[in-house]
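The block underneath contains the structure these notes are about, expressed in structure tokens.
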Amino acid sequence: QDFSGGLTQAWLTSSLKISALEQVSFMHQLIQHNLPVSDYSQGETIKILVREQLDSKGNPVQQLGASDFMMEGKTGSGRLGEGRQLGWYLGHLRAKKQDYIVVMNTSDKIGGKTAGYGGPMTKQLVKAHLFQKGLWPSTDL
């Protein structure tokens, strides 16, 4: 693969492309421990995902109950040409006793207008969409 952009930028600026469907497949295989790497490595990778657990009113909980919500995942941010930002979020959601894989990629249409990083903003958009569908109890970060 073309890594001319370096380790941190190759996925933004090279021919290396990972589609949203490929991201969904990867996350599904990871949470099922079905990747072609050791169970230990998959477990350690899951441990470093940012996890949020909330009750139905949006309050943090330590133990996940049957009516609670959990989302664990990873954000990514980058810069495209002309100051445009790229953001993505890939995560595993448990809501209403169901498991879902969520993925969203975003980019600015016009450069230089966005404050902050694209990844956290994309995660907030994911939460807002899930809230509208009744799959997340709050749109707060």
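The values are calculated or read from the model by the stated rules, or taken from the named source; none is laboratory data. A quick note: this is a predicted structure, and the numbers were derived from the prediction, not measured. Neighbour counts run over all protein chains shown; Cβ positions are idealised from the backbone, glycine included. Keep in mind that these areas ignore ligands, DNA and RNA; they rest on the heavy atoms of the full protein, side chains included. Shrake-Rupley method; radii C 1.70, N 1.55, O 1.52, S 1.80 Å.
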- prompt: Would it be correct to say that Gln98 is in contact with a strand residue (DSSP E or B) (Cβ under 9 Å, 6 or more places away or on another chain), polar (S, T, N, Q), under 26 Å from His28 (Cβ atoms) and open to solvent by 80 Å² or more (accessible area, probe 1.4 Å)?
  reply: no
Result of the Cβ filter at 6 Å on segment 27-52, keeping first residues that are farther than 15 Å from Val102 by Cα and open to solvent by 40 Å² or more (accessible area, probe 1.4 Å) and partners that are in a helix (DSSP H, G or I) and charged (D, E, K, R), at least 6 apart or interchain, is His33/Asp39
Output for Cβ contacts, cut-off 7 Å, separation at least six or different chains, first residue in contact (Cβ under 8 Å) with a residue 60 or more places away in the chain and among the small types (Gly, Ala, Ser) in segment 68-93, second outside any strand (DSSP E or B) and open to solvent by 30 Å² or more (accessible area, probe 1.4 Å), reads Gly78/Gln9
task: Scan segment 30-43 and give yes if some residue there is in contact with an Asp or Glu (Cβ under 8 Å, 6 or more places away or on another chain) and among the hydroxyl-bearing types (Ser, Thr, Tyr), otherwise no.
output: no
